[in-house]
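Working notes, beginning with the structure itself.
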Amino acid sequence: MLVSLNSNRGHRDFTATATDLPINPASLPAAPGPLPAVAYLGHPGRVAGLPQHLPPGWSLRRATGLDDLRPDELVLITAATPGDVARARRTLPPATLIVALVDEEAPAERVAGVLTAGADACVRGAQPEILAGHLVACRRRDRAGRWARLNEQDRRF
């Protein structure tokens with residue numbers, strides 16, 4: 001019986017119950033809506049090589065201050081201090097993702113401080129490949145969390 005079900009070659013809509021999975025998400029049509037944007041606060045030299053390592057369609061722009069940030073942007077604070085992150089967390093909407101970039105030799109207290117102050121991630125050093133990976137991972141976790149919360153709202157206990 002299982003062999004018969006798995007050998008069905010009928011039309012599949014690629015839902016979670018389809019037997020033709022896994023599929024390559026890159027081959028699917030792009031989701032509607034704005035593409036991810038990263039706004040950074042700080043010196044441009046700290047993020048000079050970042051655009052080449054972000055996924056296609058992502059953008060990077062320098063923000064002039066906290067009032068120049070948009071709600072749908074990922075916020076990157078270069079040379080972040082706990083005070084910078086705390087100020088950003090108080091000012092920005094709660095759903096805003098904040099990534100703190102600290103020096104490679106930053107003490108553990110600095111890393112713990114920015115995370116405690118409200119950063120979603122802290123990255124040591126300025127290697128653009130690693131920084132881009134953290135930004136993509138933060139956005140992925142955020143999207144997954146939003147879908148999970150959306151599903152929970154529909155449940156009745």
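The values are calculated or read from the model by the stated rules, or taken from the named source; none is laboratory data. Given the structure is predicted, the values throughout are model-derived calculations rather than measurements. Here the Cβ is made from the backbone with ideal geometry for all residues, glycine too, and neighbour counts use every protein chain on show.
Being assigned to a loop (DSSP other than H, G, I, E, B) and at pLDDT below 90 is the requirement here; does P29 meet it?
yes
Those residues that are closer than 16 Å to A121 by Cβ and at pLDDT 95 or above, I need them from the stretch 59-73; list them, please.
none
Going through A106, A80 one at a time, which residue ends up being within 15 Å of V38 (Cβ to Cβ) and part of a loop (DSSP other than H, G, I, E, B)?
A80
Looking at V47, V38, which is the one that is at pLDDT below 95, of a type in the set (A, V, I, L, M, F, W, C) and crowded, with 16+ Cβ neighbours inside 10 Å?
Going through V47, V38 in turn, the sole match is V47.
Yes or no: the stretch 76-94 includes at least one residue that is at pLDDT 95 or above, within 19 Å of R124 (Cβ to Cβ), surrounded by 14 or more Cβ atoms within 10 Å (Cβ to Cβ) and under 15 Å from the mean Cα position of the chain (by Cα).
yes
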